[in-house]
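To start, the structure itself, in structure tokens.
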Amino acid sequence: MVFNGILKLMPSLSRTVNCQLSTVNCKVKQGFTLIELLVVITLFGITSSLITASYTTFEKNQRIKNAAQTLKNDLRLVQNKALAGDKGANSECSIGDTLAGWYVTFDTAQTSTYTYAMVCNIGGNESRFIPKTVTYPSGVTLNNAVPNTGIKIGGSPRNGIVTILFKPLATDVALYSNSAPPFTTPITFTGNLEIELKGGQTSNLSTVTVRTTGEVSGN
């Protein structure tokens, strides 16, 4: 069926095929006309454009999914370090000091990065160690499109700084509006904490959820 359609678009090819299939001498001149070549080139261009557009959309969707997966992995890493009482590979929080936990900080004004670090209680003062800033892949940011924000608590948008503190030997988590220790300004944690990432278009969204129990999930 497809072959017959091509023959209809290219009469000279049809004539050539008919000549080759015929048992009678055929003196029809073989070859393609300029119009037929233009038709084929145009169809090829349209097909290439559709394939390119589909791949671009797929690549963007994969990029935001990968960013969300990386964020989930980092949240779980920080949580596991806190639960394990990890004081740093080089014992930055010494034996005589108390590990206060590990935390992750988001800032709706800094939509392209987030930071995680260890916090240690030294002589009654909280200090952070091993800070690491993670940058989202190109084209991926917190969703700060109006009226939404990239951070929601219990379904309500939360602007500014939100720090998730995972405490040692505790399954629950606490939220603060401080970007670094000491953590003196708690945020009421009712409902799920949602971190919403977006791609180049606001329709491309992916959400990572942290529950009050400390469970981390995402779509």
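The values are calculated or read from the model by the stated rules, or taken from the named source; none is laboratory data. Treat the numbers as computed from the prediction; the structure is a model and nothing was measured. Counting neighbours? That spans all protein chains shown, and the Cβs are built from the backbone with ideal geometry, glycine included.
So which strands (runs of 3 or more DSSP E) stay within the stretch 93-139 end to end and still have 1 or more residues that are surrounded by fewer than 16 Cβ atoms within 10 Å (Cβ to Cβ) and touching a residue at least 40 places away in the same chain (Cβ under 8 Å)?
Correct list: 125-135.
Does the stretch 83-91 include one or more residues that are part of a loop (DSSP other than H, G, I, E, B), on the phi > 0 side of the Ramachandran plot and touching a residue at least 40 places away in the same chain (Cβ under 8 Å)?
yes
In the list Ile130, Ile41, which residue meets the criterion of being aliphatic (A, V, I, L, M) and within 30 Å of Pro168 (Cα to Cα)?
Testing whether each residue is aliphatic (A, V, I, L, M) and within 30 Å of Pro168 (Cα to Cα) leaves just Ile130.
Determine the pairs where a residue that is closer than 15 Å to Ile153 by Cβ, located within the stretch 197-219, has a partner that is of a type in the set (Gly, Ala, Ser) with Cβ atoms under 6 Å apart, the partner being 6 or more residues away or on another chain.
These pairs meet every condition: Val208/Ala68; Val208/Gly218; Thr209/Ser217.
So is Thr163 among the polar types (S, T, N, Q), crowded, with 19+ Cβ neighbours inside 10 Å, in contact with a Phe, Trp or Tyr (Cβ under 7 Å, 6 or more places away or on another chain) and modelled with pLDDT of 90 or more or not?
Criteria met by Thr163.
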